[in-house]
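**Q** One structure is given below, represented as structure tokens, and several questions about it will come after.
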């Protein structure tokens with residue numbers, strides 16, 4: 001049926017009204033049904049359990065003398081990666097344990113043919129029985145390394161703040177290391193792998209140091225090498241150097257390191273000595289006794305709140321001693337040339353540009369400075385000058401030979417490295433208690449002592465050349481650019497002190513040559529004839545050799561003949577590298593405690609290298625057919641950074657730029673650009689890329 005629009009609208013309205021009315025009736029019936037259902041249900045029966053209470057303690061009134069000990073701070077272990085690395089030369093050891101399996105070492109192996117021949121110049125009697133053992137060759141390569149990363153983050157007190165790392169100390173350390181290597185007078189080298197490489201190494205050392213000596217003679221003024229670094233050098237080049245040199249000046253005696261060690265150094269003589277306490281008498285010992293009296297009184301013993309931070313105090317030590325007496329003789333005759341190079345190369349490089357906030361300027365009035373020492377000693381001892389006059393003035397009547405076909409080598413190669421980074425970040429506040437925080441105090445120690453005792457001959461004859469090298473290279477590098485400042489609002493009525501320097505860099509080297517190395521002459525004809533006879537296979541000595549003054553009083557000669565060359569190389573390389581750029585931010589506790597005493601120390605590091613080589617050479621005199629080349633070098637230099645643009649700001653401003661609040665919205669913190677102007681993009685946490693790692697604790 002057709003309806004108009006008005007009728008259709010009225011019909012729809014009536015239908016919707018009837019549906020709504022029906023829903024209301026149903027809802028009323030359902031609710032009354034559910035209420036009746038709940039009213040008829042029985043309440044559940046709960047189990048009844050008897051519980052007994054014991055209270056062994058009785059409560060007392062409030063005692064204001066109770067000492068509150070706050071809970072121990074939580075330690076958050078962190079890991080960090082650094083771009084600076086050291087790739088040591090790999091020297092695998094032969095599984096057979098016979099000899100060192102180093103690339104090229106097979107070229108060092110020589111064929112030793114021992115010939116015992118007795119030549120008697122006098123016609124009386126038969127030749128006596130003489131036994132002469134041949135010398136053995138020695139090749140020692142020692143590599144000692146310590147690597148330590150101790151970059152801590154410490155936050156104590158209830159400041160509610162997190163201060164991110166300012167700048168990029170690892171990148172600054174890497175740049176300083178590169179500058180140190182580029183400005184060194186002697187480059188780093190890998191252990192030689194053959195006789196030829198040993199001879200080339202000694203020649204190259206002489207060439208490098210001659211170039212350094214020439215450059216110094218041309219200009220001995222301090223040099224600006226860029227990046228705010230100033231280099232000061234002192235070079236001595238001569239055929240023989242004698243005496244003691246301290247920081248480029250001749251001295252009568254060596255200073256003692258004990259006079260310059262920072263307070264509390266682990267190297268102090270009285271550190272940990274028995275005098276620090278009573279002697280241990282054992283279980284049944286006499287022990288110690290004390291007597292006295294006391295009076296009980298009333299009152300309270302209040303402790304002065306204090307915060308003590310020790311972020312420096314690292315100690316790096318390298319020690320090496322070589323006492324070489326592998327081969328020595330009264331006279332040495334050389335068919336080729338004799339090359340002797342003795343060198344001490346010492347370098348101290350450091351950057352100690354600290355930034356102390358203006359609010360802490362009164363705390364650092366008595367600040368110590370970094371001290372650096374280069375100490376070198378050259379000594380030559382000629383035993384023939386004090387030798388007793390022989391009882392008999394006769395000449396030898398016979399000689400016994402030991403022949404070696406090939407080359408004879410003696411190599412002692414010692415390399416020591418300490419590489420430590422201790423870049424700590426601290427956010428400190430006082431909660432009214434005594435807080436002691438130590439994040440430094442690391443110690444790295446390398447030590448080697450070699451004593452080699454070999455053979456002694458009256459006469460050594462060398463068919464080719466004789467190379468003798470004693471080289472000591474020592475390097476200390478320190479980066480100690482510390483930042484100490486206060487967050488806005490920091491205040492204290494207590495005492496305060498800040499020490500960010502007071503470091504000690506110490507290089508000490510000694511070279512001693514025992515023998516008449518200065519007594520060199522051209523090869524006489526009778527020695528040349530003897531050398532030619534030996535080369536042709538005739539074990540005979542020209543009568544003129546027996547008449548040498550050095551052999552007076554001897555009944556016979558012990559003779560060593562080497563058809564090739566003799567290489568005697570002693571090399572010590574020592575390096576200490578320490579990155580100790582600490583950052584300290586002082587803030588107020590939320591409780592507003594401001595009566596604490598503050599002691600902050602981020603310096604007092606010690607870098608120490610000590611080395612000594614004692615070389616026993618020819619005791620009386622030497623002869624060389626193609627000349628003798630003797631060079632001795634001393635290089636003492638300092639590389640000091642005088643300007644650091646990244647720290648040319650008030651530390652308080654740097655600290656406040658790096659502050660992050662740890663509140664309810666800490667999870668929304670994003671990466672914070674370092675305030676030192678670096679473009680590396682450090683996160684707010686110095687050791688994690690994930691921001692949540694730094695706020696969960």
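The values are calculated or read from the model by the stated rules, or taken from the named source; none is laboratory data. The model shown is predicted, which means the values in this text are computed figures rather than measured ones. All Cβ positions, glycine included, derive from the backbone under ideal geometry; neighbour counts span all protein chains shown.
**Q** Would you check if there is a residue in the stretch 159-180 being in contact (Cβ under 8 Å) with a residue 24 or more places away in the chain and more than 30 Å from residue 585 (Cα to Cα)? It would help to see each step written out before you state the result.
**A** Within the stretch 159-180, the first condition is being in contact (Cβ under 8 Å) with a residue 24 or more places away in the chain, and the residues that meet it are 159-177, 179-180.
Now restrict to residues that are more than 30 Å from residue 585 (Cα to Cα): 179-180.
Yes; the residues of the stretch 159-180 include at least one that is in contact (Cβ under 8 Å) with a residue 24 or more places away in the chain and more than 30 Å from residue 585 (Cα to Cα).
**Q** Do any strands (runs of 3 or more DSSP E) entirely within the stretch 217-259 hold 3 or more residues that are at negative phi and surrounded by 14 or more Cβ atoms within 10 Å (Cβ to Cβ), and if so, which? It would help to see each step written out before you state the result.
**A** Numbers: elements: 223-226, 229-238, 243-246, 249-251.
Where strands (runs of 3 or more DSSP E) fall fully within the stretch 217-259 and carry at least 3 residues being at negative phi and surrounded by 14 or more Cβ atoms within 10 Å (Cβ to Cβ), they are 229-238, 243-246.
**Q** Considering only the stretch 364-375, I want to know if a residue exists there that is at pLDDT below 95, surrounded by fewer than 24 Cβ atoms within 10 Å (Cβ to Cβ), in contact with a helix residue (DSSP H, G or I) (Cβ under 9 Å, 6 or more places away or on another chain) and under 30 Å from residue 499 (Cβ atoms).
**A** No, that holds for no residue.
**Q** Return a yes/no flag: does the stretch 441-457 have any residue that is assigned to a strand (DSSP E or B) and touching a helix residue (DSSP H, G or I) at 6+ places or on another chain (Cβ under 8 Å). Quick ask: steps written out before the conclusion?
**A** Step one: of the stretch 441-457, the residues assigned to a strand (DSSP E or B) are 443-457.
Subset that is touching a helix residue (DSSP H, G or I) at 6+ places or on another chain (Cβ under 8 Å): none.
There is no residue in the stretch 441-457 that is assigned to a strand (DSSP E or B) and touching a helix residue (DSSP H, G or I) at 6+ places or on another chain (Cβ under 8 Å).
**Q** Further question: Residue 296 versus (1) more than 30 Å from residue 599 (Cβ to Cβ); (2) in a loop (DSSP other than H, G, I, E, B); (3) modelled with pLDDT of 80 or more: which is the lone unmet condition?
**A** Against the list (1) more than 30 Å from residue 599 (Cβ to Cβ); (2) in a loop (DSSP other than H, G, I, E, B); (3) modelled with pLDDT of 80 or more, residue 296 comes up short only on (3).
**Q** Just to confirm my filter: which strands (runs of 3 or more DSSP E) fall fully inside the stretch 480-521 and include at least 1 residues that are over 30 Å from residue 652 (Cβ atoms) and at pLDDT below 95? Talk me through it step by step, then tell me what you get.
**A** Values: elements: 483-486, 496-499, 504-514.
Here the list reads 504-514.
**Q** Look through the stretch 302-358, keep the residues that are more than 34 Å from the chain's Cα centre (by Cα) and farther than 30 Å from residue 532 by Cα, and return whichever of them is modelled with the highest pLDDT.
**A** 305
**Q** Looking only at the stretch 552-575, filter to residues that are over 28 Å from residue 193 (Cα atoms) and out of contact with any helix residue (DSSP H, G or I) (no Cβ under 8 Å at 6 or more places or on another chain); which one of those is surrounded by the fewest Cβ atoms within 10 Å (Cβ to Cβ)?
**A** At the first step, the residues of the stretch 552-575 found to be over 28 Å from residue 193 (Cα atoms) are 552-559.
Within this subset, residues satisfying the condition of being out of contact with any helix residue (DSSP H, G or I) (no Cβ under 8 Å at 6 or more places or on another chain) are 552-556, 558-559.
Numbers: 552: 15, 553: 14, 554: 20, 555: 12, 556: 19, 558: 19, 559: 26.
The residue in question is 555.
**Q** Just checking, does the stretch 126-146 include any residue being assigned to a helix (DSSP H, G or I), farther than 30 Å from residue 602 by Cα and either modelled with pLDDT of 90 or more or touching a strand residue (DSSP E or B) at 6+ places or on another chain (Cβ under 7 Å) (or both)? Please lay out each step first, then the result.
**A** Pass one, the stretch 126-146, residues assigned to a helix (DSSP H, G or I): none.
No: the stretch 126-146 contains no residue that is assigned to a helix (DSSP H, G or I), farther than 30 Å from residue 602 by Cα and either modelled with pLDDT of 90 or more or touching a strand residue (DSSP E or B) at 6+ places or on another chain (Cβ under 7 Å) (or both).
**Q** Having 3 or more residues that are touching a strand residue (DSSP E or B) at 6+ places or on another chain (Cβ under 9 Å) and closer than 17 Å to residue 132 by Cβ is the bar; report the strands (runs of 3 or more DSSP E) wholly within the stretch 547-588 that clear it. Even if it seems obvious, please write down each step before you answer.
**A** On the way: elements: 556-562, 566-579, 583-586.
Counting at least 3 such residues, we get 556-562.
**Q** Now for a different question. Does the stretch 648-668 hold any residues that are modelled with pLDDT of 85 or more and in a loop (DSSP other than H, G, I, E, B), and which are they?
**A** Listed by number, the list holds a single entry, 658.
**Q** Any residue in the stretch 578-586 that is buried (at least 24 other Cβ atoms within 10 Å of the Cβ), touching a helix residue (DSSP H, G or I) at 6+ places or on another chain (Cβ under 7 Å) and closer than 30 Å to residue 184 by Cβ? Spell out how you get there, then give the answer.
**A** Step one: list which residues in the stretch 578-586 are buried (at least 24 other Cβ atoms within 10 Å of the Cβ), which gives 578-586.
Next, from what is left, pick out any that are touching a helix residue (DSSP H, G or I) at 6+ places or on another chain (Cβ under 7 Å): 579, 581, 585.
Filter once more, so that each one left must be closer than 30 Å to residue 184 by Cβ: 579, 581.
Yes - at least one qualifying residue is present in the stretch 578-586.
**Q** If you check residue 214 against the conditions, is it without any contact (Cβ under 8 Å) to a residue 12 or more places away in the chain, assigned to a loop (DSSP other than H, G, I, E, B) and surrounded by fewer than 22 Cβ atoms within 10 Å (Cβ to Cβ)? Steps first, answer last, please.
**A** Values: without any contact (Cβ under 8 Å) to a residue 12 or more places away in the chain: yes; assigned to a loop (DSSP other than H, G, I, E, B): no; surrounded by fewer than 22 Cβ atoms within 10 Å (Cβ to Cβ): yes.
Spelling it out, it is not the case that residue 214 is without any contact (Cβ under 8 Å) to a residue 12 or more places away in the chain, assigned to a loop (DSSP other than H, G, I, E, B) and surrounded by fewer than 22 Cβ atoms within 10 Å (Cβ to Cβ).
**Q** Let me ask something additional. Let me spell it out: the conditions are (1) modelled with pLDDT of 90 or more; (2) in contact with a strand residue (DSSP E or B) (Cβ under 8 Å, 6 or more places away or on another chain); (3) surrounded by fewer than 19 Cβ atoms within 10 Å (Cβ to Cβ), and residue 525 meets all of them except one. Which number is the exception?
**A** (2)
**Q** Select from the stretch 589-598 the residues that are assigned to a loop (DSSP other than H, G, I, E, B) and closer than 29 Å to residue 314 by Cα and list them in ascending order. Please lay out each step first, then the result.
**A** Filtering the stretch 589-598 for residues assigned to a loop (DSSP other than H, G, I, E, B) gives 589-596.
Hit for the stretch 589-598 is 596, nothing else.
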